[in-house]
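For reference, the structure discussed in these notes is given below.
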Amino acid sequence: MIYATAIYKRRGDKMTGELRKGVSDYYDATAREWADKWYPDDTMLPLLRRFVALLPGGPRVLDAGCGAGYESMRLKNLGADVVGIDISEESVKIARERNPGCRFEVTDCRMLARKEVGFFDGVAALALIVHIEDAELPLVFKNFRNALKPGGYVLLAFREGEGFSEERSYVEIGGVPYNRAFYLHKSKSVIESAEKAGFSYFEEWFLENAPGLGGWKYLVFRHPDDDWG
């Protein structure tokens, strides 16, 4: 888990070292707020419904970067057998409380072990890779491929752009500074990383009537039919 990151910010012509709490700390501190915001918000439901329709009946789905479990709830309501993973202990605690019919684990997708979670028909990674650097995307896709059954699908949501976003990373809560390590990605780079891991690019989806989510991309990838990883 990520507990703290040493960040250097430029102030004028000086570089000052500043210890900031990291990604898991940020989501531990804000888990209840995310839950309050997204449990009643069905914005992602059209994409999730379309995703589940790609999969066999009663599919087993991994919600990677599940947060407090709000999209896990929707996947479950759509008929999926859901396992959610997240690095935030507080988020997973809430997810377990709100979704007793799903399984949740505190796990980093970069260290995802198939023996711990089993095989899946689909992986939903909604906003997960905004906390993953480009250089680590091949590892993430490799882990997804190893966890997917042949012919399985990945639904990926991320913010279009390039590199580390200071504006979205550096936040302060109650006087405590955090670095939530927010990364933007170019669609081309994401597709290349997925293809290097053995996925085929399926298609791009679009979310209508979501003005607050401008700049987000929704890409779908498919696991080869004849490869068990």
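The values are calculated or read from the model by the stated rules, or taken from the named source; none is laboratory data. Being a predicted model, the structure only gives us computed values, none of them experimental. Here the Cβ is made from the backbone with ideal geometry for all residues, glycine too, and neighbour counts use every protein chain on show.
For R60, indicate whether it is in contact with a Phe, Trp or Tyr (Cβ under 7 Å, 6 or more places away or on another chain) and under 23 Å from E204 (Cα atoms).
Details: in contact with a Phe, Trp or Tyr (Cβ under 7 Å, 6 or more places away or on another chain): yes; under 23 Å from E204 (Cα atoms): yes.
Here the answer is yes, as R60 does meet what is asked.
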Quiz prompt | Test: residue in region 187-205 that is on the phi > 0 side of the Ramachandran plot and surrounded by 13 or more Cβ atoms within 10 Å (Cβ to Cβ) | solution = yes
Quiz item: What strands (runs of 3 or more DSSP E) completely inside region 117-229 contain at least 2 residues that are among the charged types (D, E, K, R) and more than 16 Å from the chain's Cα centre (by Cα)?
Solution: 200-205
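For region 36-61, which residues satisfy the criterion of being among the aliphatic types (A, V, I, L, M), assigned to a helix (DSSP H, G or I) and touching a strand residue (DSSP E or B) at 6+ places or on another chain (Cβ under 9 Å)?
Taking region 36-61 as the starting set, the residues that turn out to be among the aliphatic types (A, V, I, L, M) are 44-45, 47-48, 52-55, 61.
Then drop every residue that is not assigned to a helix (DSSP H, G or I), which leaves 45, 47-48, 52-54.
Passing the criteria: L47, L48, V52, L54.
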Quiz item: Which residue pairs have Cβ atoms under 7 Å apart, sit 6 or more places apart or on different chains, and have a first residue in region 145-174 that is touching a residue at least 12 places away in the same chain (Cβ under 8 Å) and of a type in the set (G, A, S) and a second that is part of a loop (DSSP other than H, G, I, E, B) and loosely packed, with under 14 Cβ neighbours inside 10 Å?
Solution: G151/D225
Quiz item: Are there any pairs with C-beta distances below 6 angstrom linking a residue in region 18-45 that is farther than 27 Å from F206 by Cβ and modelled with pLDDT of 95 or more to a residue that is of a type in the set (K, R) and surrounded by fewer than 18 Cβ atoms within 10 Å (Cβ to Cβ), with the two at least 6 apart or on different chains, and if so which?
Solution: none
